[in-house]
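Let me begin by presenting the structure, written as structure tokens, before commenting on it.
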Amino acid sequence: MRARALIVIAAGGSAGLLGAALVAQYAFGLAPCALCITQRWPHLAAVAIGGVALLLPWVVWPVLGMGAALATAGVGAYHAGVEAGWWPGPASCSSGPGIAGVPISDLLDPSVVVAAPVACTEVAWSFAGISMAGWNAILSVGLAAVWVLAARARRREGCATARLGA
């Protein structure tokens, strides 16, 4: 498979996972915890890297995309472990009912007491016994593998180095 197609698959996969998280939050009211939000940033980076990789045919871009996918996979695995009680999570998201359903006007009004952030230990949604964080970890490892294939394809296609001025 060509590098461009693999890059589209990998970056598109991150865009899809990021989109699913946003739909879960805004359409289904599943408020994210601090670790949920942290998992989103590497996906956003992978999407941006994918865009740049389609414009600049250097092998470094798929390698960076792989790094972004592995970063979100690592945070997802850590978060899944926190949810399962295998290890403690950060103190900043240890408990609380969240802010779902609180009007934005109340969130912006300093005189209104708002609930604590969502706890990282709570599983908001799961499928087949695996939480969203666990699925993010699993699927992101798969996306990292696609990025590796893209880097190999890019190298085979002769785009391993930048040809400035060409």
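The values are calculated or read from the model by the stated rules, or taken from the named source; none is laboratory data. Everything numeric in this text was worked out from a predicted model, so none of it was measured. Glycine also receives a Cβ, built like all others from the backbone with ideal geometry; neighbour counts cover every protein chain displayed.
Residue-wise test of (1) modelled with pLDDT under 95; (2) assigned to a loop (DSSP other than H, G, I, E, B).
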{"residue": "A48", "(1), (2)": "no, no"}
{"residue": "G67", "(1), (2)": "no, no"}
{"residue": "T72", "(1), (2)": "no, no"}
{"residue": "W86", "(1), (2)": "yes, yes"}
{"residue": "D106", "(1), (2)": "yes, no"}
{"residue": "E122", "(1), (2)": "yes, yes"}
{"residue": "L139", "(1), (2)": "no, no"}
{"residue": "L143", "(1), (2)": "no, no"}
{"residue": "V146", "(1), (2)": "no, no"}
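Yes or no, residue by residue, for (1) surrounded by 13 or more Cβ atoms within 10 Å (Cβ to Cβ); (2) under 18 Å from Q25 (Cβ atoms); (3) modelled with pLDDT of 80 or more; (4) of a type in the set (A, V, I, L, M):
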position: D109; (1), (2), (3), (4): no, no, no, no
position: V113; (1), (2), (3), (4): no, no, no, yes
position: S126; (1), (2), (3), (4): yes, yes, yes, no
position: A133; (1), (2), (3), (4): yes, yes, yes, yes
position: A151; (1), (2), (3), (4): yes, no, yes, yes
position: R156; (1), (2), (3), (4): no, no, yes, no
position: L164; (1), (2), (3), (4): no, no, no, yes
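Residue under question is P32, and the condition is that it be closer than 18 Å to Y78 by Cβ, within 17 Å of the chain's Cα centre (by Cα), buried (at least 16 other Cβ atoms within 10 Å of the Cβ) and at pLDDT 95 or above; does it hold? No, not satisfied.
Listed here are the residues, each with its yes/no results for (1) among the aliphatic types (A, V, I, L, M); (2) assigned to a helix (DSSP H, G or I).
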| site | (1), (2) |
| --- | --- |
| M1 | yes, no |
| S14 | no, yes |
| L18 | yes, yes |
| Q25 | no, yes |
| F28 | no, no |
| L35 | yes, yes |
| Q39 | no, yes |
| G51 | no, yes |
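Just a yes or no: is a residue in region 94-102 modelled with pLDDT of 80 or more, of a type outside the set (D, E, K, R) and either over 15 Å from the mean Cα position of the chain (by Cα) or on the phi < 0 side of the Ramachandran plot (or both)? No, because not a single residue in region 94-102 is modelled with pLDDT of 80 or more, of a type outside the set (D, E, K, R) and either over 15 Å from the mean Cα position of the chain (by Cα) or on the phi < 0 side of the Ramachandran plot (or both).
The residue list H43, H79 contains one member that is in a helix (DSSP H, G or I) and in contact with a strand residue (DSSP E or B) (Cβ under 9 Å, 6 or more places away or on another chain), which is H79.
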